[in-house]
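I have placed the structure first, in the form of structure tokens, so that the comments after it can refer back to it.
The values are calculated or read from the model by the stated rules, or taken from the named source; none is laboratory data. Because the structure is predicted, anything quoted here is derived from the model rather than measured. Using ideal geometry, Cβ is built from the backbone for each residue, glycine included, and neighbour counts are taken over all protein chains shown. Areas reflect the complete protein model, heavy atoms only, side chains present, ligands, DNA and RNA absent. Shrake-Rupley method; radii C 1.70, N 1.55, O 1.52, S 1.80 Å.
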Amino acid sequence: MHDLSKLQLGDSYTTLAKAILAQCNKQFAVTTFERGEVLLQQGQKQQFGYLVLDGVLAAFHNSDNGEKKCKEFYFKDEFVLLFGNWLTKTPALYQIKVIKSARLIAVPLTKIEQPDWYELKLQLVSQQLLFKEAKEAFLLLNTPEQRYRYLLAQKPHWLAQLTLTEVAMYIGVSPISLSRIRKRLNLS
């Protein structure tokens with residue numbers, strides 16, 4: 001078993017991904033999924049968390065009037081899990097969908113609940129809390145242009161792998177507004 005005592009609050013996703021891989025101990029197969037495949041339907045109960053080895057996943061909410069909102073995108077070394085629904089054992093508020101062909105390890109949530117996963121579970125929840133606080137600040141304290149500039153500077157791999165419509169959805173603007181931002185920045 002991997003020494004989880006070396007994990008610290010705020011460790012990177014890469015560190016946590018390595019710990020998850022070690023904890024899995026080759027118990028779970030690596031599976032490839034194609035763009036468009038749905039891993040979890042909105043309204044279903046989660047049974048798995050997914051470690052992304054390659055590719056991109058997203059959590060979308062589809063409203064009754066057909067509007068689609070993006071909760072999150074997930075990239076290499078990130079663990080895909082709807083934490084609130086998992087902790088409260090409620091149906092998923094979001095759909096988990098493959099955005100770019102992905103190689104994943106599906107980890108049964110019943111496994112994560114076992115005592116030998118306790119330290120890793122604590123680290124996952126701690127990392128998620130830090131990430132959520134940062135995302136809240138990102139969305140509330142920045143204009144849409146500042147959000148896009150942040151992605152340009154800090155997350156270029158996002159922009160390389162997502163469509164402009166997906167980026168617009170994430171930063172909370174329409175594709176037309178993003179086009180205007182890009183034009184002002186001479187990026188069109």
(Q) Every residue in the range 94-124 that is touching a helix residue (DSSP H, G or I) at 6+ places or on another chain (Cβ under 7 Å) and assigned to a helix (DSSP H, G or I), please. (A) LEU109, LYS111, ILE112, TRP117, GLU119, LEU120, LYS121, GLN123, LEU124
Q. Mind checking which residues of the range 93-121 are out of contact with any Phe, Trp or Tyr (no Cβ under 9 Å at 6 or more places or on another chain) and either closer than 14 Å to TYR50 by Cα or open to solvent by less than 20 Å² (accessible area, probe 1.4 Å) (or both)?
A. THR110, TRP117, LEU120, LYS121
Q) What are the pairs, 6+ residues apart or on separate chains, where a residue within the range 20-47 that is among the hydroxyl-bearing types (Ser, Thr, Tyr) has its Cβ under 6 Å from a residue that is open to solvent by 40 Å² or more (accessible area, probe 1.4 Å) and not in a loop (DSSP other than H, G, I, E, B)? A) THR32/ARG103
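Does PHE60 meet the test of being among the aromatic types (Phe, Trp, Tyr) and either assigned to a strand (DSSP E or B) or closer than 24 Å to LEU139 by Cα (or both)? I'd like the intermediate steps shown before the answer.
Numbers: among the aromatic types (Phe, Trp, Tyr): yes; either assigned to a strand (DSSP E or B) or closer than 24 Å to LEU139 by Cα (or both): yes.
It is true that PHE60 is among the aromatic types (Phe, Trp, Tyr) and either assigned to a strand (DSSP E or B) or closer than 24 Å to LEU139 by Cα (or both).
Quickly run through the range 138-188 and pick out the residues that are touching a strand residue (DSSP E or B) at 6+ places or on another chain (Cβ under 8 Å) and hydroxyl-bearing (Ser, Thr, Tyr). Show your work before the answer.
Residues of the range 138-188 that are touching a strand residue (DSSP E or B) at 6+ places or on another chain (Cβ under 8 Å), as a first pass: 158, 161-162, 166, 169-170.
The answer is TYR170, and nothing else.
Would you mind stating whether VAL30 is modelled with pLDDT of 95 or more and either in contact with a strand residue (DSSP E or B) (Cβ under 9 Å, 6 or more places away or on another chain) or closer than 24 Å to SER126 by Cβ (or both)? It would help to see each step written out before you state the result.
Numbers: modelled with pLDDT of 95 or more: no; either in contact with a strand residue (DSSP E or B) (Cβ under 9 Å, 6 or more places away or on another chain) or closer than 24 Å to SER126 by Cβ (or both): yes.
Against the criterion (modelled with pLDDT of 95 or more and either in contact with a strand residue (DSSP E or B) (Cβ under 9 Å, 6 or more places away or on another chain) or closer than 24 Å to SER126 by Cβ (or both)), VAL30 does not qualify.
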Q) Looking only at the range 136-188, which residues are in a helix (DSSP H, G or I), under 14 Å from CYS70 (Cα atoms), open to solvent by less than 80 Å² (accessible area, probe 1.4 Å) and free of Cβ contacts under 8 Å to residues at least 24 places away in the same chain? A) THR165, VAL167, ALA168, PRO175
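Yes or no, residue by residue, for (1) open to solvent by 70 Å² or more (accessible area, probe 1.4 Å); (2) under 14 Å from the mean Cα position of the chain (by Cα); (3) closer than 17 Å to TRP86 by Cα:
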{"site": "GLN27", "(1), (2), (3)": "yes, no, no"}
{"site": "VAL30", "(1), (2), (3)": "yes, no, no"}
{"site": "ARG35", "(1), (2), (3)": "yes, no, no"}
{"site": "GLN42", "(1), (2), (3)": "no, no, yes"}
{"site": "GLN47", "(1), (2), (3)": "yes, no, yes"}
{"site": "TYR50", "(1), (2), (3)": "no, yes, yes"}
{"site": "ASP54", "(1), (2), (3)": "no, yes, no"}
{"site": "PHE60", "(1), (2), (3)": "no, yes, yes"}
{"site": "SER63", "(1), (2), (3)": "no, no, no"}
